[in-house]
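Just so it is clear, none of the values below were taken in a lab; they were calculated from the coordinates. Quantities reported herein were computed from a predicted structural model and do not represent experimental measurements. Cβ: placed from backbone, ideal geometry, glycine included. Neighbour counts: every protein chain shown.
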Amino acid sequence: MNLLSNIERQEIRSLQPGQKTTLFRAINQLKQNGIYDKFINWHGLAMMTKAGTELFGSIRNLAHYSPVFLPWHREYLIRFENALREIDTSISLPYWDWTIDAELQDPSTSIIWTEDFLGGRNPIQNGLVTDGPFKNWKFSLNIPGYPREAYLRRNFANTIQLPFRRDVELVINNNELEYDKSPWDGNQDYNSFRIMLERPIHNPVHNWVGGTMEEAYSPGDPVFFLHHCNIDRIWANWQRKHNYLDRYPANDQIRDRRGRLIPFTNRNHKMSPWNDINDNTHKRVQQVLDFTQYYQYKEYYVS
Ligand code: ZN
Ligand code: ZN
C-alpha cells in the first residue's frame, strides 16, 4: 500500500515567475548556511571512493558506474528537495528536460541560461558564471584530490549533442532490458537499463554543460539537480510503464569480479554516506525504488 505523495515535480520552464523566485531564493539560502556545500561534498566523496575490486581497474564508485547509480541520486535529490521544503513547503524540485534544448541549433541560446532562469548564457573568463541567481558562487570543498575551493563555471560544449527525445523513448520502451546485470560497472559493452541511461544519456549532459558539471563537485552547479531530476524521471517512467516499481537485483547478488559483495549497493544496504544503521532517516536501497511514496512527475515521456 502506497501513500501517493502530493509533491509534483514539473519542468523548470513551466514554473510561475513567483515559484522560480521562491526556488532560487531557497537554493541561495542553503548556499549561505553551508548546507548546499555539504551536498557537494557528499557527492564528491561518494564519487572518489571506489566500490569493489576490479581486475581491469576500478571505475565503479559509491554512486556511479554501479547499479546504485539511480537509487543513490534519487535519495540525494529527495534529501535536497526536503532541505528546500524546510525553507518553503510550496517548493518541489523541478527538472530540466534537455531533449527540448537538443532540438535547438545552438542549445546554449536556450532560455534556461538567461538571468530569469539559471544565468550564465555568456560565461566570461574561464567560464565563470557572473549573472543570474547563482552569480559568482564559490564553493568550500572537502573532496580527496581536489582544491579546497572553486567557482561556479560553465563551458557549453557545442561539439557534444544533448540527447534527443527519441533516444530517451527507445530506452524506456525497450522490453528486453534488465535493470542491471554483472559485471555491474561502467563498461558499455553490455546492455542494461542502468548503463543505457547512465552512459549515453546522463553523461553527455554533464559534458555539454561543462565547467563545474564535469567535476566530482558537479552539484556545485544547481543545474545538476535539475538534470538528475530528469534522469530520475526517465527511471520513474520506465518503472511506471513496465510496472517495475520494485525492480532491482536480489539481495547479495551484486558482487565484484572476485565474488565479494559490493558495499552500499545491494538492495538491503544503506547507501553511503547515509549508512548509519541506527539512524532511521537513512534509507536502504529498496526503500527508494517506489518513488510514488515521495513525489510524482507532472509529465512523462511515454505513457
Ligand atoms: Zn553523480
Ligand atoms: Zn550525474
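Here is how the numbers come out for the structure above:
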| quantity | calculated |
| --- | --- |
| Lys/Arg +1, Asp/Glu -1 at C-beta; the stretch 120-277 dipole; positive extreme among Ile277, Gly186, Trp235 | Ile277 |
| Of Thr159, Thr21, Thr99, the one that fluctuates the most in a GNM where the chain has Cα springs shorter than 10 Å | Thr159 |
| Spin-label pair Thr130/Asn158, simplified geometry with 7 Å Cα→Cβ offset, distance in nm | 2.1 |
| For Ala150, distant residues with modelled amide H under 5 Å away | Phe139, Leu141 |
| Förster radius 35 Å - calculated FRET efficiency between Met48 and Asn82 (Cβ-Cβ, nearest 0.05) | 0.90 |
| Simple spin-label estimate for Glu115 and Ser182 in nanometres, 7 Å along Cα-Cβ | 5.8 |
| Amide H contacts of Tyr297 (H built 1.01 Å from N, under 5 Å, at least 5 apart or other chain) | Arg9 |
| Options Asn251, Gln161, Thr21, ranked by Cα towards positive dipole end of the chain, top entry (Cβ charges) | Asn251 |
| Taking the chain and dividing mean pair separation by its residue count, relative contact order in percent (alpha carbons under 8 Å, at least six apart) | 25 |
| Using alpha-carbon coordinates, inclination of helix 69-87 to the longest axis of the chain, degrees | 40 |
| Backbone N within the stretch 23-55 under 14 Å of label point (7 Å from Asn142 Cα along the Cβ vector) | 34-46 |
| Separation in nanometres of the label points that stand 7 Å from Cα toward Cβ, at His242 and Ser90 | 4.0 |
| Charged-residue dipole, Cβ positions (Lys, Arg, Asp, Glu), the chain about Cα centre, Debye nearest 20 | 520 |
| Packing-based ranking, highest mean first, of 124-131, 81-88 given that Cβ atoms within 10 Å are counted | 81-88, 124-131 |
| In degrees, nearest ten, helix 17-32 long axis to first principal axis of the chain (Cα) | 70 |
